[in-house]
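The values are calculated or read from the model by the stated rules, or taken from the named source; none is laboratory data. Please read these numbers as outputs of a predicted model, since none were measured by experiment. Quick reminder, even Gly has a Cβ in these numbers, built from the backbone with ideal geometry, and neighbours come from all protein chains shown. Each accessible area value is taken on the protein alone, full model and side chains, heavy atoms only, with ligands, DNA and RNA left out. Shrake-Rupley method; radii C 1.70, N 1.55, O 1.52, S 1.80 Å.
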Amino acid sequence: MRRGRFRPAGAALAALLLPLAACDRPASPARPAAAAGDPAQGADRGRRLPPVVDHVRTDDPVVFLTYDDSAERDPAFAGLVRERRLPVTLFLTDTVAGPAYGDFARLRPFGASLQNHTLDHRSLRGLPYAGQRAEICGQQTKLRSRFGVRARLFRPPHGTYDITTLRAAADCGITALVLWRATLDAGGDLTYTRGDHRLHPGDIIAVDPDHPTAANLTARTERLLETIEEQGLRVGSLEDYL
């Protein structure tokens with residue numbers, strides 16, 4: 001399999017913000033500013049910060065399914081992952097997913113990847129370095145103690161972040177911040193943050209599992225899988241490509 005490469009969200013750190021999906025979309029600042037109290041401010045030259053990605057460059061006919069917290073609330077979803085052996089990526093917040101960690105652990109042998117979504121789902125942009133590091137590194141510790149995994153991927157709550165987020169994430173062992181180019185909305189339809197309105201190889205798809213007006217998560221996922229297959233694509237493992 002030909003592996004993909006990171007697609008950075010911009011050529012310069014000052015332009016790292018990507019367009020965000022309609023669900024969970026914050027008001028976007030002009031540029032990601034460093035938060036107060038960041039000891040590394042002004043010391044980024046030569047420092048490797050994680051890229052921000054909503055798409056992976058690859059010639060393989062794959063797209064990537066990502067879910068945030070609460071996917072376990074639909075019991076049939078776990079059965080779908082097991083039956084299809086879907087390599088989904090689950091971004092977990094400790095205060096939301098903590099009581100259901102056992103449910104998520106049982107999905108790992110079937111291809112599910114468990115990654116970082118902070119301890120408390122606080123919006124990170126603008127927080128001091130120490131606060132952002134505590135949120136990210138704290139969840140790294142939780143995931144390692146519960147599952148024995150060292151998460152490499154991180155999705156910032158609400159899709160918002162700044163330069164300080166990238167510094168804190170790097171210091172916590174994160175290798176990529178993961179956003180999305182397509183979103184599965186509450187009605188089961190795909191919406192797009194940029195580009196033409198169809199799936200392309202390497203697209204990262206965000207599925208909101210806990211929308212109050214959303215149709216059944218499993219039914220929406222099954223419909224999405226049909227769309228993916230109709231377009232000659234399949235679901236790939238995001239960890240394998242990042």
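A few points about this structure:
- Hits in the range 118-140 - residues which are within 15 Å of A97 (Cα to Cα) and open to solvent by 50 Å² or more (accessible area, probe 1.4 Å): D120, H121, R122
- So L238, is it at pLDDT below 95, more than 19 Å from H121 (Cα to Cα), of a type in the set (A, V, I, L, M, F, W, C) and open to solvent by less than 10 Å² (accessible area, probe 1.4 Å): no
- Taken together, the residues in the range 170-212 that are of a type in the set (K, R) and within 15 Å of the chain's Cα centre (by Cα) amount to 1.
- Test: residue in the range 24-37 that is at pLDDT 90 or above and more than 27 Å from D189 (Cα to Cα): no
- Top-ranked residue of the range 208-235 - restricted to ones that are outside any helix (DSSP H, G or I), modelled with pLDDT of 95 or more and in contact with a strand residue (DSSP E or B) (Cβ under 7 Å, 6 or more places away or on another chain), ranked as surrounded by the fewest Cβ atoms within 10 Å (Cβ to Cβ): R234
- Single residue of the range 133-154 satisfying the filter (over 17 Å from the mean Cα position of the chain (by Cα) and of a type outside the set (G, A, S)) that is farthest from P51 (Cα to Cα): R146
- Residue among P109, P61 that alone is free of Cβ contacts under 8 Å to residues at least 40 places away in the same chain, more than 18 Å from the chain's Cα centre (by Cα) and surrounded by fewer than 23 Cβ atoms within 10 Å (Cβ to Cβ): P109
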